[in-house]
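Colleague: Have a look at this one.
The values are calculated or read from the model by the stated rules, or taken from the named source; none is laboratory data. For clarity, every value in this text was computed on a predicted model and none was experimentally measured. Cβ sites come from the backbone with ideal geometry, for glycine too, and all protein chains shown count toward neighbours.
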Amino acid sequence: MAAALFAAERGLSCIQIGNSGGLLFASGLLDLLGVHPVAEGRLWRSPYEGLAALARDEPDHPLARVDAASVRNALETFVAALGSAGLAYAPLADRNRKVLTPIGTVKTTFGVPRSMVAGSYALEARPPCLLVDFRGLREFSAAQIVATLGDRWPGLRHQQIEFPGYEAVPELYAAHLARALESAETRGRTIALVKPLLGDARVVGFPAVLGLARAGAVHAAFEAALRIPVFEIPTMPTSVPGLRLQGALESAVSARGVQRRQQARVRALSFEADGGSATLELVGIPGGERVLARAVVLATGRFSGRGLTADRGGACESILGLPVVQPDSREAWHQRDFLDPAGHAINRAGLSIDENWRPLGANGKPAWPGLYAVGSILAHQDWMRAKCGSGLSIATAWAAVDQVARQLRGNGAG
Amino acid sequence: MSPVLFQTALYASLALCALGLVWRASAWFRVRIGTDARAVTPSRRIVALFRGSASALFSRRLFAVLGAFFLDVLLLRRLYTNEKLRWLAHLLIVVGFTLLVLMHALAPIVSAKLFPGYQPTLDPYLFLRDLFGLMVLTGAALMVLGRRSARRDLTQTRDRFGAAFMVLLAFVLVSGFLLEACKIASPRAFYRMTDQFIGTSDPRKLAPLRALWASEFGVAFADMKRPIDPLLVEQGRKLNSESCASCHAKPVSAFVSYPLARMLAPVTSVLDEGHAEVWLLYLHVFACFLGLASLPFTRFFHVVAAPISLLVDAAARDRASPGQGFSSAGRASRRALALDACVRCGICDSRCSVAPLARYLGNPGLLPSHKLLATGALAGGRLLRTGHEDEALRAADGAFLCTDCGRCTSRCPVGLDLADLWEAGRGDLAAAGLPTPAQWVQARPALDWAEFLQARSGLHDLYDPDASSALLSAGRSTFSRCVQCQTCTNVCPVVAHSIDTGHGIDLTPQKVMNLLRLGLRDLALGSRMVWDCANCYQCQESCPEGIRVADIMCELRGLSVQRLGSVRDWKAPA
Amino acid sequence: MDFPGKIETQVLIIGGGATGTALARDLALRGVDCILVEKNDINAGASGRNHGLLHSGARYVAGDRETAMECSGEGAILKRVAAQTIQDTGGYFVAVQGDDERYIADFPSLCAQAGIAARAVDPAAARALEPELSDRAIAVFEVPDASIDPFRLSLETMAHARSLGARLMRRTRVVGFEREGRRIRAVQVQCGGEELRVEAAQVVNAAGAWARELTLLAGTPIEMSYSKGTLLVTHTRLAQRVLNRLRPPADADILMPGGTVSIVGTTSTPVNTLDDVQPTTADVDLIVAEAARMLPALETMRYIRAFAGVRPLVGSAGFVDGRAISRGYALFDHEDQGLDNFATITGGKLTTCRLMAERAADLVCRRLGVTRPCLTATMPLPVAAECAWTEPGRSPREWMRSHARDDTLLCECELVPGRAVDAIYDALRAAGDTPTLTDIGLRSRVGKGACQGAFCAPRAVAHLYKRGDFQARRGLAEIIDFFGERWRGQRAVLWGEQLAQAELTEALHCGTFGEELRGEELRDVRMDDAPRAAPNAGPAGKASR
């Protein structure tokens, strides 16, 4: 998505293929770099300083290949595009922020939606704070968060209320609540239930259900009515912030003229030998479709996104069968301990690239001059442990699109 | 023909027709379709009629109604948008017949008043009469041919005496042409006329006139010498212009009857002898009266009911939500009206989304034309009589297969609110103990159905008899990609709005998928979620793993009917 | 757990597997007071890591007729007295092209000699009933195999024993024996950091694979070797019946219907240690390749879990082929080793656990002078409500039958309601225990479905916080432990769709929740260079932020 966005912003005609289902699992937070080295579990206040250390220690890491200015530009552009599509993020500072998680841990991240940023401030200042919970929202327990953090945050309290209109419903789902809160009446009733419980709280947290398409307005309405800062806490996937992110990106990308083929998949991808253009055969569209492109950006993700697939013999790249850097045997893929600090070796598997973001073929040379690879499909990174997922996707997309533009202008390497 | 006889027959037919109309129309206030109609008395419905009409006419909806009158009733606009050929045929019939009635049948009170000096034997009336008659015949022929088209071979066109009435109509027209032909060719009529207006019927004296009339007016004198002397014809012309021309134009313009008369020339004398004119007249007139009297009792009552239906529809459509503005009394009457206003054109059938299933399942009961008749049969109690169980069950199944897409309603040329009728019909079916699957499945909890299936199959828990089949819901690979992300449930509008647990859903899409994965399909088959599913496809389109959730729900519904259907051990009430 | 300083009983049973629990029940039925100590939880050893196969015995007719006949007889008894734990699915023995023809030819008569009903079935007919069978099957026999839920069996057996007066001490480890002459006077145990002494007239070592360690501790060593067996769990159930390979027993011969899944295995690898025995990718590959010859679908199947257990093989200290050793059980009275009130019962199969317990109980009762007869062959095992949640497919049915508004599903994969978790939790608390999420997982289907705990662990923990059962940071620790336990089973089967699932899980638990940092992030929260936000000057209405 980021690649499509950046390409469109540069005026390159762009068609995006494949569904954005992976975004549904997003938490809405944009990670740049939280932990490095992964094995030590060292946290960074300034992700840019962390990136500098990363570049020194792991020169093969994809983020090591993007200079700081580009990273900054990429993230700013991305966040601005989201803002233009109605999803506002807190301004990006040079430091990481901390956010509460539903199980009571604290997450290091970089880009925080505006509806959540008051929580980051609250985590630093630790004022008296109320966490509101809805009966029936199963994966979220304000009691748990308070219990887990309570010794470090004495002013943290929790209260459970009924969600207006859903009193008879056993199980609540975040997306439904978010939509319901877009109605002024439901909002009013919710606020009426929360107000008397505020006590001396100077900030109040909710699970992330404050609106779906009109999240900004709902959040603002809550703050106006409760007269104190309000923040959202990310919930388990599929979460409303993930839905918002998906919606905003789809809208931003479409608004910039990117054609989308959401239900399609690439059946075959072939290249002209002289590097002229690539042909993509699509399935999933009635009658099929064929796309001709001068450059192709592979941003297909890892195993859960089906960019990489694995059988008992090994991992391979799904569309072209590009060589995948990976441990020699499956026994080495995963540690015995799930939370082993070193992380699992298979997470670092992926595509190797040259300095121009082109994945290498079997002969160690770029597979095709116009083929680029970005994001989590790249080797030598463990985004889940380093907390750099979004940054990885966005920054590498930026750098690769930059390269694409150069190629199309004729300045790029062959 | 004796005026007394004529008058008597006329008034008798009119009276019968009027009585028939009243009787038929009364059904609109008596017949109860839909459970909400049970509570409404006929008098309330009549009152609602007056109130509704008043409110329609004394508001801006009057314009909609007037517009509908001109465009839909007179010019048959809706028929035009559906089938142009049929529209043409119908227009021919309507226009031809109306004008024929006005100009010819009602000549003494219409044509004579409008056109002083009207004589039926003058132009343009000669021409017009034949033209109108031919229009009707042509239109009727086109209609009959159109009905034979294969596309609508399943359409329910059965009605009372419909064919007979068509024959009667044809008879009226044909007898009319014949009558005129006879009159044109008849020497006896000639002599009668000359006797009355010239004073003689002596052939020798009338020789010039005879010559003219034989050569240009088609009279078939048996004793006419051929070739006819043109000088005589010229003499005759002079005489004609003095005595006859004021009432008689050359019948050549009667372009149907005149050739017919010429064809009849050889047998004219026989016809004359046999007073063909007379009995043809009697036949023609009495056929008309028969048609008039019997009109309310046949499908051609639609000439009254259909325009009313179109006007009512115009009055209804102008409201924000069509049909919703009607009180239950109004709706009840409108449904009963629909039974009469339906012209059996079959356009609804040709537009029905599930029509192909009629052939595939061998149950034409799902076609709108059949459903309309079934609804009527149910309301009249006929469906509930012993011996009609099969018909009743097919009607119920047909009602179920309707997807409520509304195409039949939007296309109906006579403006019937079919969508409302189907909904009401389903309520009546349920009340009669013949609920649609969505109703009878949801009448029992899912677990009961599961236990029923277990008992029937005798297989232990978790056994899936379809494991090797191509069924989506049994296939291993269907669910192997599910990562339990709950996206399907989160985007499901049915779950979002199911806040009344008394009547709400019992499962969610994710739970249904998991039950299937666990091999517990029996638990899912009878669940409310499966039957409340709106088929919106949000789940399937949003699933990040491409699992065909909505398709599976459809399949489960089909399987339910198939496997749970035997519980519907329905007997007609004693 | 509250006990007085000195604990007394007639019989101390060590080991809470199938045998130990059956023994406790047998003795309790005979009116003998007993205590069962278990260093972990019920069925922590091989009893909880097997196929769940109630053998007809046909597998052993060729090499081990005694075991075959024991299985046959015991199978019939268990089907009568413990019907609720058994799914009488029936079984097939299937030979495919290339298998030993002579074995196939001898099979029917060998079964007959052992008194096992084996009926020949036409392979095409068999395939009609079991569509996943390979079309290269050349011979099929039908046998009375069945599927048994070992957890429910042991849990209900123990519940019955306790209702008759027996006591259970979980997480209680034996650390020493006090010997006096030819008798053990007391046994030293460690429970939750506390040292306790149990005085018992008789001590029975039913510790399965750990039996040897205990005999060493007692000074009466026995010879034993260990064989690791790995089993795989499929995502969905493939077959209705038990499917056995018709050939001399080898690896990956058996595919069990495990309720809503299928369990396929097993292997036999010699191991030297009992600690941290886990399935390897090599084990998994072997099983898949071999079993796929009988059921080709296994080649492309999604597996959700692999687990490994250690078989105690009594007899030779070292061995080459574990399969050649008898699967029969061994009962040691240790009298020739200088103890008169010690006994060890080990080896054997799940199917024969009742018989093993009976023999051990007979010995013990003889020594005690108790003459009441064994009742376990006829006395039905009562259903215990809180133990029924292990039954696959039961919780969806129970929940759909009726549930209160607040009784929501905590595990979506297996549709396990909150009240199951509550019932188990409360039952354990009532017994004086501190229930963990892992305990709940063992006694229900929570975490056993497709997500393997990724989603249900957080839900269950949230639920327990809401109930007030969990406090402070306990939930975080529980999630980490529970999921860690589930992980041990998953890592060897992570390819294809299960790898995609695991990646999503790691993205959630590590990427978002940061569990691998174990809460260390909290220490770093206050950042000195961060502008302190005034508490009521949040983003609302302030453009600059």
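Colleague: How many residues does the range B:297-352 contain that are at pLDDT 80 or above and part of a loop (DSSP other than H, G, I, E, B)?
Modeller: The number of residues fulfilling the criteria is 7.
Colleague: Related question: Return the residues of the range A:219-234 that are surrounded by fewer than 24 Cβ atoms within 10 Å (Cβ to Cβ) and within 14 Å of the chain's Cα centre (by Cα); say none if nothing qualifies.
Modeller: Result: no residue meets the conditions.
Colleague: For the structure I just gave you, tell me whether C:ASP149 is over 30 Å from the mean Cα position of the chain (by Cα) and either β-branched (Val, Ile, Thr) or on the phi < 0 side of the Ramachandran plot (or both).
Modeller: No.
Colleague: Looking at C:GLY31 and the list (1) over 17 Å from the mean Cα position of the chain (by Cα); (2) at negative phi, which single condition is not satisfied?
Modeller: So C:GLY31 meets the others, but not (2).
Colleague: Same structure, new question: What pairs come up if the first residue lies in the range B:107-134 and is free of Cβ contacts under 8 Å to residues at least 12 places away in the same chain, the second is in a helix (DSSP H, G or I), and their beta carbons are under 6 Å apart, counting only those six or more places apart or on different chains?
Modeller: Within 6 Å, the pairs are B:VAL110/B:LEU102; B:TYR118/B:SER111; B:TYR118/B:ALA112.
Colleague: Would the range C:438-448 turn up any residue that is surrounded by fewer than 23 Cβ atoms within 10 Å (Cβ to Cβ) and more than 25 Å from the chain's Cα centre (by Cα)?
Modeller: No, the range C:438-448 contains no residue that is surrounded by fewer than 23 Cβ atoms within 10 Å (Cβ to Cβ) and more than 25 Å from the chain's Cα centre (by Cα).
Colleague: For A:GLY205, indicate whether it is within 13 Å of chain C (Cβ to nearest Cβ), surrounded by 16 or more Cβ atoms within 10 Å (Cβ to Cβ) and within 19 Å of A:ALA142 (Cα to Cα).
Modeller: yes
Colleague: Mind counting the residues in the range A:278-321 that are more than 14 Å from chain C (Cβ to nearest Cβ), in a loop (DSSP other than H, G, I, E, B) and modelled with pLDDT of 85 or more?
Modeller: Qualifying residue count, the range A:278-321: 6.
Colleague: Limited to the range C:43-81, what total is found for residues that are β-branched (Val, Ile, Thr) and out of contact with any Leu (no Cβ under 6 Å at 6 or more places or on another chain)?
Modeller: Counting residues in the range C:43-81 that are β-branched (Val, Ile, Thr) and out of contact with any Leu (no Cβ under 6 Å at 6 or more places or on another chain) gives 2.
Colleague: So C:ASP26 ticks every box in (1) farther than 19 Å from C:THR344 by Cα; (2) not in a loop (DSSP other than H, G, I, E, B) but one. Which box is left unticked?
Modeller: C:ASP26 satisfies all of (1) farther than 19 Å from C:THR344 by Cα; (2) not in a loop (DSSP other than H, G, I, E, B) except (1).
Colleague: Any residue at all in the range A:29-48 that is within 14 Å of chain B (Cβ to nearest Cβ) and in a loop (DSSP other than H, G, I, E, B)?
Modeller: Among the residues of the range A:29-48, not one is within 14 Å of chain B (Cβ to nearest Cβ) and in a loop (DSSP other than H, G, I, E, B), which makes the answer no.
Colleague: Considering only the range A:328-367, state which residues are away from every other protein chain (no Cβ under 11 Å), under 27 Å from the mean Cα position of the chain (by Cα) and not aliphatic (A, V, I, L, M).
Modeller: A:ARG348, A:GLY350, A:SER352, A:ASP354, A:GLU355, A:ASN356, A:TRP357, A:ARG358, A:PRO359
Colleague: So, A:ILE394, is that one part of a helix (DSSP H, G or I), of a type in the set (Val, Ile, Thr) and at the interface with chain C (Cβ under 9 Å from one of its Cβ atoms) or not?
Modeller: No; evaluated as a whole, the condition is false for this residue.
Colleague: Something else about it: Does the range B:428-445 include one or more residues that are under 22 Å from the mean Cα position of the chain (by Cα) and over 30 Å from B:ARG521 (Cβ atoms)?
Modeller: So far as the range B:428-445 goes, no, none of its residues is under 22 Å from the mean Cα position of the chain (by Cα) and over 30 Å from B:ARG521 (Cβ atoms).
Colleague: Could you check the range B:440-454 and list, in sequence order, the residues that are more than 10 Å from chain C (Cβ to nearest Cβ), surrounded by fewer than 17 Cβ atoms within 10 Å (Cβ to Cβ) and not in a loop (DSSP other than H, G, I, E, B)?
Modeller: Hit for the range B:440-454 is B:GLN454, nothing else.
Colleague: Pick from A:SER277, A:SER239, A:SER254: which is touching a Ser or Thr at 6+ places or on another chain (Cβ under 9 Å) and of a type in the set (Gly, Ala, Ser)? Can you show your working first?
Modeller: Numbers: A:SER277 fails: touching a Ser or Thr at 6+ places or on another chain (Cβ under 9 Å); A:SER254 fails: touching a Ser or Thr at 6+ places or on another chain (Cβ under 9 Å).
Just a single option satisfies the conditions, and that option is A:SER239.
Colleague: Evaluate the range C:458-477: report whether one residue or more is buried (at least 24 other Cβ atoms within 10 Å of the Cβ) and more than 9 Å from chain A (Cβ to nearest Cβ).
Modeller: yes
Colleague: Identify, from the list B:PRO230, B:PRO208, the residue that is surrounded by fewer than 14 Cβ atoms within 10 Å (Cβ to Cβ) and either in contact with a helix residue (DSSP H, G or I) (Cβ under 8 Å, 6 or more places away or on another chain) or of a type outside the set (Val, Ile, Thr) (or both).
Modeller: Criteria check complete, one pass: B:PRO230.
Colleague: Residues in the range A:55-71 that are closer than 19 Å to A:THR108 by Cβ and in contact (Cβ under 8 Å) with a residue 24 or more places away in the chain: how many?
Modeller: The total comes to 4.
Colleague: When you scan the range B:214-227, do you find a residue that is without any contact (Cβ under 8 Å) to a residue 12 or more places away in the chain and either assigned to a helix (DSSP H, G or I) or surrounded by 21 or more Cβ atoms within 10 Å (Cβ to Cβ) (or both), even just one? Walk me through how you get there before you give the answer.
Modeller: Taking the range B:214-227 as the starting set, the residues that turn out to be without any contact (Cβ under 8 Å) to a residue 12 or more places away in the chain are B:225-227.
From what's left, either assigned to a helix (DSSP H, G or I) or surrounded by 21 or more Cβ atoms within 10 Å (Cβ to Cβ) (or both): none.
Among the residues of the range B:214-227, not one is without any contact (Cβ under 8 Å) to a residue 12 or more places away in the chain and either assigned to a helix (DSSP H, G or I) or surrounded by 21 or more Cβ atoms within 10 Å (Cβ to Cβ) (or both), which makes the answer no.
Colleague: Filter the range A:198-233 down to the residues that are in a loop (DSSP other than H, G, I, E, B), in contact with a helix residue (DSSP H, G or I) (Cβ under 6 Å, 6 or more places away or on another chain) and within 23 Å of A:GLY155 (Cα to Cα) and list them by number. Before you say what the answer is, go through the steps one by one.
Modeller: Kept after step one, since they are in a loop (DSSP other than H, G, I, E, B), are these residues of the range A:198-233: A:198-202, A:208-214, A:227-229.
Pick out the ones that are also in contact with a helix residue (DSSP H, G or I) (Cβ under 6 Å, 6 or more places away or on another chain) and you get A:208-212, A:229.
Listed by number, the residues that qualify are A:ALA208, A:PRO229.
Colleague: Among the helices (runs of 4 or more DSSP H) lying completely within the range B:8-106, list those that include at least 2 residues that are free of Cβ contacts under 8 Å to residues at least 60 places away in the same chain and hydrophobic (A, V, I, L, M, F, W, C). Quick ask: steps written out before the conclusion?
Modeller: Numbers: elements: B:42-57, B:61-68, B:77-82, B:84-100.
Helices (runs of 4 or more DSSP H) meeting the threshold: B:42-57, B:61-68, B:84-100.
Colleague: Quick one: which residue in C:ARG359, C:ARG397 is within 30 Å of B:LEU518 (Cβ to Cβ) and either within 14 Å of chain A (Cβ to nearest Cβ) or in contact with a Leu (Cβ under 8 Å, 6 or more places away or on another chain) (or both)?
Modeller: C:ARG397
Colleague: Select from the range B:368-383 the residues that are charged (D, E, K, R) and out of contact with any His (no Cβ under 9 Å at 6 or more places or on another chain) and list them in ascending order.
Modeller: Once the filter is applied, which keeps residues that are charged (D, E, K, R) and out of contact with any His (no Cβ under 9 Å at 6 or more places or on another chain), the range B:368-383 yields only B:LYS371.
Colleague: Sort out for me the strands (runs of 3 or more DSSP E) sitting completely within the range A:102-173 that have 2 or more residues that are crowded, with 24+ Cβ neighbours inside 10 Å. First the steps, then the outcome.
Modeller: Numbers: elements: A:106-109, A:129-134, A:156-161.
Ranges flagged: A:106-109, A:129-134.
Colleague: Could you grab me the full set of residues in the range A:244-277 that are small (Gly, Ala, Ser) and part of a strand (DSSP E or B)?
Modeller: The answer is A:ALA268, A:SER270.
Colleague: Do we have C:LEU355 as surrounded by fewer than 18 Cβ atoms within 10 Å (Cβ to Cβ), in contact with a helix residue (DSSP H, G or I) (Cβ under 6 Å, 6 or more places away or on another chain), touching a residue at least 40 places away in the same chain (Cβ under 8 Å) and not assigned by TED's automatic domain parsing to the domain that holds C:THR408 here?
Modeller: Considered against the rule, which asks whether it is surrounded by fewer than 18 Cβ atoms within 10 Å (Cβ to Cβ), in contact with a helix residue (DSSP H, G or I) (Cβ under 6 Å, 6 or more places away or on another chain), touching a residue at least 40 places away in the same chain (Cβ under 8 Å) and not assigned by TED's automatic domain parsing to the domain that holds C:THR408, C:LEU355 comes out as no.
Colleague: If you scan the range C:258-288, which residues turn out to be away from chain B (no Cβ under 14 Å), over 21 Å from C:GLY208 (Cβ atoms) and in contact with a Leu (Cβ under 7 Å, 6 or more places away or on another chain)?
Modeller: Selection gives C:VAL264, C:VAL284, C:ILE287, C:VAL288.
Colleague: Go through C:ALA420, C:ALA377, C:ALA360 for me and flag whichever is among the small types (Gly, Ala, Ser) and farther than 28 Å from C:GLY31 by Cα.
Modeller: C:ALA420
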